[in-house]
Amino acid sequence: MSSAKRKSSGASSAKTKRHVGTPTPHTQAQTHPAGHSYVRSHTVNLFEPILGSADADLVKCTPTAVDVASYEKARVEAIENVASGAVFATSAAANPVQLIDTIHFGKWRIGTWYAAPYPEEYCQQQTLYLCEFCLKYMKSAFMTKRHKLKCPLTSPPGNEIYRDGVVSVFEVDGKNNKIYCQNLCLLAKMFLDHKTLYYDVEPFLFYVMTERDEEGFHFVGYFSKEKRSSSNFNLSCILTLPIHQRKGYGQLLIDFSYLLSKKEEKPGSPEKPLSDLGLLSYRSYWRIAVLQELRKMDNGTVSIEDIASKTFMTHADIVATLKNLDMLVKDSRDDYVIRYNANLVDDVLAKNKSKKYPTIKPNLLRWIRYEAPKKITS
């Protein structure tokens, strides 16, 4: 009885050994020069009907002898460095930041302006590929093409709160869509010098502006704001992609942030410091907003409080704008007064109208103010 068991056990072992050591009809075992073995699959390729035989060839996923040799060389060098206690210089001069020169974003190839803290293996790429819907970053066009086949998004992962023709705005919660918002911040850093927020996105709401076509909602720009701002900031960071600049979208995003301030019934201002382009955009917006209100108020007596109640700009921003326009002066009693210059107002507003930039239509907003969840106490 015991010998029968031993025989059965031996047969089972032999069977298992044959299964591990002998390639099945669907696989072919190979060995590369370093002595490691791998299996090349000849199973049915599900991507071939979609990509074609050339792009769907799984051989591209298999390490070559050159790949293996490079890996072995790097592995040996790393072991030797650790064993010898070598210290690598970390200063900017000894180890300069690797800049990503360009990004592929949808059908666009965009040159970057600043370095972004992508993972090291991606920073070493001269060109970075991004999905224009989920903002996932990849190393090659081949990986991007594969990703498009399974990417579930055709719009930002949030609530569409505004639509005017092809232009839409989505509200995305950093807590509910953490990966998307982190990818968005990394993308923004390549075009903003002062941006420092990358991964701590949960306390923020992101308002993403898009252009819609038959393929989906294509990213144009965004601004973020704190869910709870002790300083009443209505905007933390703003970006319009270079390919969409000079179309009025920056002004549109700023106007939208003030529209939300009006709905919240409290004046707002952007968080400082602003980037160079951001400062130019805000000064232009403030100038137009203040002059438009001055033209409407033709009763001869206008106060800064009156302008603030209509625009929901802070008093400090209004005063700075009037000073830049040379419209805030002292009278004979040494009091500050607003000096209305009709020619200046007409010229500036006429020039702005000739640009035919898109404008926000408040009646198209479908938005409920964010309310932080209350803690339940027992």
- Task: Could you do me a favour and compute the accessible area per residue for the range 102-273, 1.4 Å probe, result in Å²?
- Result: 45
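In the range 102-273, carbon and sulfur make up what percent of the accessible area (probe 1.4 Å)?
Values: 3580 of 7700 Å².
C and S atoms contribute 47 percent here.
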- Message: Let me cross-check Asp57: its accessible surface, 1.4 Å probe, with only protein heavy atoms counted, in Å² to the nearest 10?
- Response: 70
- Heavy-atom accessible area order for Cys61, Cys123, largest first, 1.4 Å probe: Cys61, Cys123
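For the range 247-356, what does the alpha-carbon gyration tensor say about shape, rounded, prolate or oblate, given a ≥ b ≥ c as the root eigenvalues, a/c under 1.5 as rounded, and a/b over b/c as prolate?
Numbers: a/c = 1.61, a/b = 1.34, b/c = 1.20.
Prolate, because a/c is 1.5 or more and a/b exceeds b/c.
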- Accessible area of the range 280-340 divided out per residue, in Å², using a probe of 1.4 angstrom: 60
- Item | Accessible carbon and sulfur surface of the range 306-370 relative to its total accessible area, %, 1.4 Å | 50
- Query: On alpha-carbon atoms, Rg over Rh for the range 102-273 using Kirkwood Rh?
  - Reply: 0.95
- Message: Heavy atoms only, 1.4 Å probe, whole protein assembly: order Ser269, Ser309 by accessible area, highest first.
- Response: Ser309, Ser269
- Listed pairs Lys262/Lys351; Lys296/Lys361; Lys150/Lys189; Lys189/Lys227; Lys73/Lys145 exceeding 29 Å between Cα atoms: Lys73/Lys145
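Just reorder Phe219, Phe133, Phe233 by solvent-accessible area, largest first, 1.4 Å probe, all chains present.
On the way: Phe219 5, Phe133 30, Phe233 55 Å².
The ranking, largest first, comes out as Phe233, Phe133, Phe219.
The values are calculated or read from the model by the stated rules, or taken from the named source; none is laboratory data. It should be emphasised that the depicted structure is a prediction, and the values quoted were computed from it without experimental measurement. Please note that ligands, DNA and RNA were not included when accessible areas were found on the heavy atoms of the full protein model with its side chains. Shrake-Rupley method; radii C 1.70, N 1.55, O 1.52, S 1.80 Å.
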